[in-house]
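The numbers here are math on the coordinates, done by the rules we state, and not lab data. All figures in this text were calculated on a predicted structure; none of them were measured in a lab. Using ideal geometry, Cβ is built from the backbone for each residue, glycine included, and neighbour counts are taken over all protein chains shown.
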Amino acid sequence: MALAFGAYASFAISDAFSKLLAGMLDPFEVAFSGGIFGFLLLPFLRKPHESYLDIFRPQQRAMWLLRAFCVFLATAASVEAFMLLPMPEALSLMFLMPLFVTILSVVLLKEKVTAWAWLAVVLGFVGVLIVLRPGVRALHLGHLCALVAAFANAGSVIAYRLASKETVRLSLFGSSLIGPLVGNGVLMGLHATWPPTMVSWVYLFGYGFLAAFGQLLMMLATARAPANRVALPQYSQMVWGVVLSYVVFHQPLDGWTFVGIMVLTFSGMLNWVRQRIRYERMAMKERLERQKAKKAAKQAAKLAKKAAVSAPKP
């Protein structure tokens, strides 16, 4: 849990650095730096028997390409969204990712989704509507970019699930590096400029390094705790977003935005409680099955012993 909280803090501060770069550098150039600094993680992920060339040698090439494209789209759109929108507003839209993951899971993976899961998703959507208040406030490119980022992140999650048989971690992680490097590298070619000041270099490094560091912490967290527990601290990212928006960018929350964030947080807690109950039931069922198997083994051993005693001696 501590690693997960650290990961989401890294993501939020990284987003703040991308917002600080608004007007200094092209958004695609900023997103490109995230792929560059992501290579700092490779020594921590590589196993002794693996080669760095495994990044380009996936076992499931189609899923590798899909994930690379989704990560490229998500990084480019999210950087643009944070440059154009207040951080809580951009994060609220990006928290629609669970809705998109649920829909794609049903359509593509044929997974069964419970009514409680749909309720949590609908509540999250209502929270976003309260934050945005369409028809009352003007929507612009920043909102569209945040929506695209949420959908692309959901696509990345689905691609990761479909590629679950991939055994080489470098191949899985490599797609999330190559996608932003190639996609953002091509798009930034028309407008890329050398960072003009030392401050812009610091911001650029802060964005890229913290985004990569957050990915590392998240991988370590998921290796040590169930996914439902690691997902819970995600909503701490919104707290970071609100604090950074107020302290760094001097953008206080209005009342409706605060209400929408509370609804979003409640939907996330509801989803976590649902998953917790589900896993507890599964664990209880597994324990009961083990106890039954143990009793059956003891009974079989007793019967075998009794049969051996009663058998006629030669």
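Tilt of helix 255-310 relative to the longest C-alpha principal axis of the chain, in degrees (0 to 90, nearest 10)?
20
Could you please report the charge total around L288, scoring K, R as +1 and D, E as -1 over all other residues with beta-carbon less than 13 angstrom from its beta-carbon?
+4
Counting pairs of alpha carbon atoms under 8 Å apart in space and at least six apart in sequence, what relative contact order in percent does the chain give?
RCO, the chain: 38 percent.
Enumerate the calculated ³J(HN,Hα) couplings along segment 182-196 in order (Karplus 6.51 cos²θ - 1.76 cosθ + 1.60, θ = phi - 60°), each rounded to whole Hz, writing x wherever the residue is Gly or Pro.
The phi angles translate into 6, x, 5, x, 5, 6, 7, x, 7, 10, 5, 9, 5, x, x Hz.
In debye, nearest 20, what is the charge dipole magnitude of the chain about its Cα centre with +1 on Lys and Arg Cβ and -1 on Asp and Glu Cβ, if you could check?
In total the dipole reaches around 2840 debye.
Comparing V202, V122, V101, which has the greatest mean-square fluctuation in the GNM of the chain with Cα pairs linked when under 10 Å apart?
Comparing V202, V122, V101 in the GNM, the peak value goes to V202.
Please compute the length gained on full extension between Q299 and L108, using 0.36 nm multiplied by the number of residues separating them and subtracting their Cα-Cα distance.
64.1 nm
When you count, for each residue, the other Cβ atoms within 10 Å and take the mean per peptide, how do 178-184, 290-296 rank with the highest first?
Going by the mean number of other Cβ atoms within 10 Å, highest first, we get 178-184, 290-296.
Ranked highest first by the average count of other Cβ atoms within 10 Å around their residues, in what order do 41-48, 59-66 fall?
The peptides rank, most packed first, as 59-66, 41-48.
For segment 248-254, in order, what is each residue's ³J(HN,Hα) by Karplus, 6.51 cos²θ - 1.76 cosθ + 1.60 with θ = phi - 60°, in whole Hz (x at glycine and Pro)?
8, 9, 6, 10, x, 7, 8
Through the Karplus equation 6.51 cos²θ - 1.76 cosθ + 1.60, θ set to phi - 60°, convert the phi angles of segment 97-105 into ³J(HN,Hα) values in whole Hz; use x for Gly and Pro.
Whole-Hz 3J(HN,Hα) from phi for segment 97-105: 3, x, 4, 5, 4, 4, 5, 5, 5.
Going by how many other Cβ atoms sit within 10 Å of their own, how do H143, H191, H49 line up, fewest first?
Least crowded to most crowded, the residues run H49, H191, H143.
Let me check I've understood the local charge: for K19, count other residues with C-beta under 12 angstrom from its C-beta, Lys and Arg +1, Asp and Glu -1. What total comes out?
-3
Taking springs between alpha-carbon atoms closer than 10 angstrom, which of F82, F56, F125 fluctuates most in the Gaussian network model of the chain?
F56
Return one number: the angle in degrees, 0 to 90 and rounded to the nearest 10, between the long axis of the Cα atoms of helix 2-20 and the longest principal axis of the Cα atoms of the chain.
20
Report which label in (1) 34.9, 122; (2) 40.3, 122; (3) 24.0, 98 holds the value of Rg and Dmax of the Cα atoms in Å derived from the coordinates of this structure.
Label (3) holds the value from this structure.
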